[in-house]
């Protein structure tokens, strides 16, 4: 299985920290966010990783290189301007191949073992979402996890973590426009019963603002977190 790290966002909510550095290179516990993901992917025996970028993308390429430092082969999907999540995945399909692939948001931090996702069998489903308990900034949640199936409505909604496995056919059908958002596509698939999921009960942070970046660094320091 290949993996894709979504790293093309401008990080507007993270300003002024992102005025001169892309959000994936901001440090958590002394290490760039995106490096945490690369280390976890390598530990889970992934071999090839696709990284899309737009804003200050040359800094990401310069820092990460070809991935050999982590025993990985990194391919870059250069967007110029952000295409949103689905548009970015669509553009990268030629690099991702024709089998299910893992997608990771660069701006999250988690202790989830990625090997559990690498070995996940989708069976008849087209997508698999990792869900987490609703954080304070997103208390209403996104979707319902009913046993192993994702549903749109119901009690006890959870938050989509930004970790998922997708079949490429989901994006092959997209007619490319300037930008293509993922949410409407997911909702259509969920409504048709094509999306399964799981809940991660461990550590997960959405590092979307300077305040949250400060909070996670303080949390990890106080808890002596080690990779």
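For segment 55-93, enumerate the residues that are in a loop (DSSP other than H, G, I, E, B), modelled with pLDDT under 95 and either under 22 Å from residue 110 (Cα atoms) or within 16 Å of the chain's Cα centre (by Cα) (or both). Within segment 55-93, 82, 83 meet the criteria. Candidates are the residues of segment 26-46 that are in a strand (DSSP E or B) and touching a helix residue (DSSP H, G or I) at 6+ places or on another chain (Cβ under 7 Å); the one that is nearest to residue 215 (Cα to Cα) is 28. Got at least one residue in segment 171-182 being touching a helix residue (DSSP H, G or I) at 6+ places or on another chain (Cβ under 8 Å) and in a strand (DSSP E or B)? Within segment 171-182, not a single residue is touching a helix residue (DSSP H, G or I) at 6+ places or on another chain (Cβ under 8 Å) and in a strand (DSSP E or B). Looking at 104, 50, just one residue is closer than 24 Å to residue 201 by Cα and either touching a helix residue (DSSP H, G or I) at 6+ places or on another chain (Cβ under 6 Å) or part of a strand (DSSP E or B) (or both), and that residue is 104. Take residue 132 and decide whether it is modelled with pLDDT of 95 or more, more than 18 Å from the chain's Cα centre (by Cα) and closer than 29 Å to residue 93 by Cα. Taking the combined requirement at face value, the residue does not satisfy it. Does segment 197-214 contain any residue that is in contact with a strand residue (DSSP E or B) (Cβ under 8 Å, 6 or more places away or on another chain), surrounded by 18 or more Cβ atoms within 10 Å (Cβ to Cβ) and part of a loop (DSSP other than H, G, I, E, B)? Yes, the conditions are met somewhere in segment 197-214.
For residue 103, state whether it is surrounded by 21 or more Cβ atoms within 10 Å (Cβ to Cβ), under 20 Å from residue 185 (Cα atoms) and within 15 Å of the chain's Cα centre (by Cα). For residue 103, the condition - surrounded by 21 or more Cβ atoms within 10 Å (Cβ to Cβ), under 20 Å from residue 185 (Cα atoms) and within 15 Å of the chain's Cα centre (by Cα) - is met.
Selection of segment 137-173 for residues being under 24 Å from residue 82 (Cα atoms) and more than 20 Å from the chain's Cα centre (by Cα) yields only 173. Taken over segment 118-136, residues that are crowded, with 21+ Cβ neighbours inside 10 Å and within 22 Å of residue 24 (Cα to Cα) amount to 4.
Name every residue in segment 10-41 that is surrounded by fewer than 19 Cβ atoms within 10 Å (Cβ to Cβ), within 16 Å of the chain's Cα centre (by Cα) and farther than 18 Å from residue 216 by Cβ, in order of residue number. Matches in segment 10-41: 10 only.
The values are calculated or read from the model by the stated rules, or taken from the named source; none is laboratory data. Keep in mind that what you see is a predicted model, and the values were worked out from it rather than measured. We place every Cβ from the backbone using ideal geometry, glycine too, and count neighbours over all the protein chains shown.
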